Amino acid sequence: MSADSPVLSASAHQLSAPSLTSITFEYVDAPQTLLGDSLRHRSLVWTRNGHGLVGFGTAARLHTHGEERFARARAWFAQIIENARIIDPLNRPGTGLVSFGSFAFSFTSVFESRMIIPQLVIGRDEQTAWITLTGTAEELDGVTYEQALARASALMADAAIPEAAAGSIKLTSGQLTAGSYVEAVKKALRHFDERGISKLVLARDVLAHSSTPIDLSKVVLALTERYGNCWTYSVDGLVGATPEMLVRVTDGLAEARVLAGTLDRAAAGADDPGFAQHRLFEDPKQRNEHQLAIDSLTHSLNPISHGMSAPEEPFILQLPNVWHLASDVRAQLRADTTGALPSALDVAEIFHPTAAVCGTPTKKAGVLLRELEGMDRGPYAGPVGWVDSRGDGEFGIALRGGILEDEKLMRLYAGCGIVPGSVPEDELAESWAKMRPMRQALGAE
């Protein structure tokens, strides 16, 4: 399996599921943290606190869009699994055949949602590390652990770009200027009653122009070093460090982390020990915004689960740039009439979009935000993550990130929850705080 193996692809209109073989080896001499020296510009990444997955190369991929993007992705991956020969002695979440995924926020987006099965995956959890090779039966016939290591080196080399000094970064307005964003917030507040909306999440974008090609491996490394407790992702140029887990599925157990309610840690008075407690936890506006997000998720989870556990009170999540109100929700998934449990991809489709990134009620909010934002969100605030052949997986919400549009241009996104009582200028300031992780990682502070 050489680094220039042909890419097997499927369009949105004609699904093509190749017959693949996947072989997993325990990675005996793995570095103590997942990333080690394995990051490259074109790496596929999902990591938190040194654990997760890094992928290289492409054994198969699907691009799709529109209202059926999730359904096509599920059907394609199901065909892949049905046709595949999977040799996986470890049998752990993330071993065996794995697909990374990134999905457009809206069915109206021109962005192509995608599923990517890498030729190589390096994984690590709390107990062990592994290497998985995926390709055709001919490519992997008789492959040994030593050969797997050699192929890993070749694929990592192919995913790199020439080493270069970081360039200077210039930030300019995107599709929605700062002034236009303030006006959009004002319009939203005027529409709430007539549209029957109690919350709207409005986003804006900023363009980061680099004087030299942007090396995504350096961006990812910078994010993991500063925001290690977030889930750092990189899928086909979509890069970020999200604090919000849309869903994790492990052997039928679904877990989600809901965030809504934000306070900038650079705000005046933030050094006061009780600042976050008073301005966030005890603020009726922030608590209301958070409760709307919790209600949205539990409403979606109820029909497919039992034994749900949701806390009565949120906790304050402290990140380097902001504080959030956060709640962790868990539930056991229900099997369908065939006895099959929902996969991580199934649940991600059911949950998306949450009130935390769209509004309440979500359908009405979605219509209004498209009117007021005046931009295509692309993959921003859509599901991003991975799923394996068992249905285990993790999908976060693509927040605190950006997408590489060409080698020297990245588009950054941030959104804020607007509720009655929101102050437009404060929401603009919050959007800048939420872009801080990417601005720091790019050296654009």
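The values are calculated or read from the model by the stated rules, or taken from the named source; none is laboratory data. Predicted, not measured: the structure shown is a model, and the values here were computed from it. FYI the Cβ positions are ideal-geometry reconstructions off the backbone, even for glycines, and counts take in every protein chain you see. The accessibility values were calculated without ligands, DNA or RNA, using every heavy atom of the protein model including side chains. Shrake-Rupley method; radii C 1.70, N 1.55, O 1.52, S 1.80 Å.
Summary table below
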| quantity | calculated |
| --- | --- |
| Summed side-chain charge close to Glu349 - residues other than Glu349 whose Cβ falls under 13 Å, Lys, Arg +1, Asp, Glu -1 | 0 |
| Residue among Leu345, Leu428, Leu90 with the largest mean-square fluctuation in a Gaussian network model of the chain, springs linking Cα atoms under 10 Å | Leu90 |
| Volume per residue of the C-alpha convex hull in the chain, rounded to whole Å³ | 142 Å³ |
| Rounded accessible area of Asp426 (nearest 10 Å², 1.4 Å probe) | 90 Å² |
| Cα→Cβ-extended label distance, 7 Å offset, between Ala160 and Glu126, nm | 3.4 nm |
| Length-normalised contact order of segment 312-412 in % [C-alpha pairs under 8 Å, at least 6 apart] | 18 percent |
| q = 0.13 Å⁻¹: log10 I(q)/I(0) that the Debye formula gives for segment 57-171, counting C-alpha atoms only | -0.67 |
| For segment 195-352, the spread of Cα positions along each principal axis, largest first, Å | 55, 42, 35 |
| Centre separation in Å (Cα based) which lies between segment 132-149 and segment 227-297 | 41 Å |
| Share of carbon and sulfur in the accessible heavy-atom surface of segment 24-122 [1.4 Å probe, %] | 46 percent |
| Charged-residue dipole, Cβ positions (Lys, Arg, Asp, Glu), segment 156-262 about Cα centre, Debye nearest 20 | 560 debye |
| Total charge dipole magnitude, segment 109-220, about the Cα centre, Cβ charges on Lys, Arg, Asp, Glu only, Debye to nearest 20 | 920 debye |
| Potential lengthening between Glu68 and Asp376 on full extension [0.36 nm per residue; Cα-Cα distance subtracted] | 109.1 nm |
| Sites Glu255 and Thr108 - FRET efficiency at Förster radius 41 Å, r taken between beta-carbons, to 0.05 | 0.85 |
| For segment 122-248, radius of gyration divided by Kirkwood radius, i.e. Rg to Rh on alpha-carbons | 1.12 |
| Leading residue at positive end of dipole, the chain (Cβ point charges), from Val28, Leu216, Thr58 | Leu216 |
| Alpha-carbon centroids, segment 305-375 and segment 376-445: separation in whole Å | 16 Å |
| Relative contact order (%) - segment 33-171, alpha-carbon pairs under 8 angstrom, separation at least six | 30 percent |
| Mean separation of Cα contacts under 8 Å (6+ apart) over length of segment 212-354, as relative contact order % | 25 percent |
| Partner lysines for Lys363 [C-alpha distance under 28 Å; skip if fewer than 8 residues away on the same chain] | Lys186, Lys187, Lys199, Lys285, Lys434 |
| Accessible area of segment 185-239 divided out per residue, in Å², using a probe of 1.4 angstrom | 35 Å² |
| Nearest-0.05 FRET efficiency for Leu171 and Asp426, computed from C-beta distance (R0 22 Å) | 0.60 |
